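Have a look at the structure below, then the notes.
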Amino acid sequence: MKIEVLGTGCSKCMQLEAVVKEAVAKSGKFVQIEKVDDIMKIMEYQVVSTPGLVIDGKVVSTGKVLSVDEVLALMEA
């Protein structure tokens, strides 16, 4: 599984990255986490509101900081 956190370095982007790391630690799964701050790459996902969350190439959330439980649920979906 690969999770990408899309954002240019704003506080919400950093919060989401921390939440994702905590969710992955709780899940016990092997997950590749990548922070994407290149605006061109973010635009390839057609995300206009950061932070964005991409799981296995699919945008699952934009514009908000999710909770650990929300990220875990998205990982299971």
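Laboratory data are not the source of any read-out in this text; all were calculated from the coordinates shown. All of these numbers come straight from a predicted model, not from anything done at the bench.
Taking the chain as the reference, fit the longest principal axis to its C-alpha atoms, fit the long axis of helix 11-27 to the helix C-alpha atoms, and give the angle between the two in degrees, 0 to 90, nearest 10. Roughly 20 degrees between the two axes.
Under a 5 Å amide H cut-off, with hydrogens placed 1.01 Å from N, residue 61 pairs with 53 among residues at least 5 apart or on other chains.
Over all pairs of different C-alpha atoms in the chain, the reciprocal of the mean inverse distance, the Kirkwood hydrodynamic radius, equals 12.0 Å.
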